[in-house]
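Report on one structure; see the data block that follows.
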Amino acid sequence: MTIFKKTNDLRFFLTGFTDRTKKTGFVPTMGALHKGHISLITESKKTDDLTVCSIFINPAQFNDPRDFEKYPVTIEKDILMLEQAGCDILFLPLVKEIYPAGSGQDKQYDLGYLETILEGRYRPGHFQAVGMIIDKLLTIIHPNNLYLGGKDYQQCMVIKKLLHQLNLDKTINLKICNTVREADGLAMSSRNMRLNSEERKKASAIFNALELLKLNLEMGSLDLLKEKARNILYENAFRPDYVEIADAANLKIIPNWDGKTKVVGLIAAYMNEVRLIDNMPLN
Ligand code: AMP
């Protein structure tokens with residue numbers, strides 16, 4: 001695997017590589033890699049001639065400065081994991097390489113409704129910053145395929161909208177991959193590393209709450225069902241930001257289910273200082 005730290009070096013390499021018959025796959029990450037990230041690399045390896053991973057902890061997308069300070073960094077282990085997975089290129093830029101003029105929002109994206117609900121509501125500015133970093137990375141890498149994890153359901157929808165807005169949806173295929181889970185159902189996440197052993201034992205409650213939504217989904221009002229799911233979280237020391245059921249196609253919140261619309265359950269909750277998110281298609 002070749003590691004590039006400078007944008008221009010990576011650009012230069014990629015210009016030499018892309019002869020239009022070769023396909024490039026791109027997996028953007030913030031590092032502290034786990035099997036969920038590696039599953040995206042593996043997917044790219046199946047289709048692409050060149051797999052590029054980026055590790056960049058984007059300061060602009062952390063609305064909570066403590067979350068940024070405490071975000072896990074395990075770069076040597078990450079490099080080993082990427083090498084073992086057969087990743088070809090790692091782009092590992094410093095902040096000043098990506099934001100030479102500082103990390104302020106230099107461009108606004110029209111994310112509409114998606115920015116106002118769920119993660120957008122609880123993390124103001126987050127998706128604008130995600131848009132900005134993805135825009136910058138795609139401009140450097142120009143992949144044919146972009147691999148994202150379904151664990152970040154709303155982020156996938158935001159990036160889909162962004163690709164359309166940037167006129168990139170014709171040239172970049174968005175590939176959304178399944179969430180990889182621990183044996184007890186907890187979605188793998190870099191933030192899980194911050195849980196102590198007691199917290200870790202309780203953390204599967206998010207998965208259990210989503211399973212409850214799935215197993216008990218019925219036509220009509222969903223209030224009581226969501227209340228039951230919230231209770232599973234409270235019983236396990238979680239403080240939920242939200243437990244919602246939304247239209248899987250557009251994330252409109254569904255208070256009363258018609259028995260047909262494809263819906264997804266979405267949860268964000270704090271275990272002490274650590275905020276975890278997860279989702280599950282319910283039907
Ligand atoms: P992150 O490093 O958290 O920004 O994640 C980088 C990419 O990996 C995003 O597209 C995530 O959705 C994806 N990802 C994170 N956790 C998982 C998981 N458990 N399963 C599959 N993909 C994941």
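Structure summary
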| item | result |
| --- | --- |
| Test for Glu244: is it within 13 Å of Leu282 (Cα to Cα), among the charged types (D, E, K, R) and part of a strand (DSSP E or B) | yes |
| Which listed residue is open to solvent by less than 80 Å² (accessible area, probe 1.4 Å) and within 16 Å of the ligand (Cβ to nearest atom), from Ile57, Ile3 | Ile57 |
| Residue match in the stretch 25-42 (condition: touching a Leu at 6+ places or on another chain (Cβ under 6 Å), in a helix (DSSP H, G or I) and at pLDDT 95 or above) | no |
| Failed item in (1) open to solvent by 20 Å² or more (accessible area, probe 1.4 Å); (2) under 14 Å from Lys136 (Cα atoms), with Lys70 passing the rest | (2) |
| Residue check, Arg239 assigned to a helix (DSSP H, G or I), open to solvent by 30 Å² or more (accessible area, probe 1.4 Å) and not assigned by TED's automatic domain parsing to the domain that holds Glu115 | no |
| Single unsatisfied condition, Ala101 versus (1) in a helix (DSSP H, G or I); (2) open to solvent by 50 Å² or more (accessible area, probe 1.4 Å); (3) of a type outside the set (S, T, N, Q) | (1) |
| The stretch 17-40 - residue that is within 10 Å of the ligand (Cβ to nearest atom), open to solvent by less than 10 Å² (accessible area, probe 1.4 Å) and of a type in the set (A, V, I, L, M, F, W, C) and, of those, nearest to Ile75 (Cα to Cα) | Ala32 |
| Residue list for the stretch 108-141, filter: part of a loop (DSSP other than H, G, I, E, B), touching a helix residue (DSSP H, G or I) at 6+ places or on another chain (Cβ under 6 Å) and either β-branched (Val, Ile, Thr) or under 22 Å from Thr171 (Cβ atoms) (or both) | Tyr109, Leu111 |
| Residue that is nearest to the ligand (Cβ to nearest atom) [pool: residues in the stretch 153-183 that are assigned to a loop (DSSP other than H, G, I, E, B) and either open to solvent by 50 Å² or more (accessible area, probe 1.4 Å) or of a type in the set (Lys, Arg) (or both)] | Asn178 |
| Considering residues of the stretch 184-203 that are away from the ligand (no atom under 13 Å from the Cβ) and polar (S, T, N, Q) only, the residue surrounded by the most Cβ atoms within 10 Å (Cβ to Cβ) | Asn196 |
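The values are calculated or read from the model by the stated rules, or taken from the named source; none is laboratory data. What you see is a predicted model; the values in this text were computed from it and never measured. No Cβ is skipped: glycine too gets one built from the backbone with ideal geometry, and neighbour counts run over all protein chains shown. Only protein heavy atoms, including side chains, enter the accessible area calculation; ligands, DNA and RNA are left aside. Shrake-Rupley method; radii C 1.70, N 1.55, O 1.52, S 1.80 Å.
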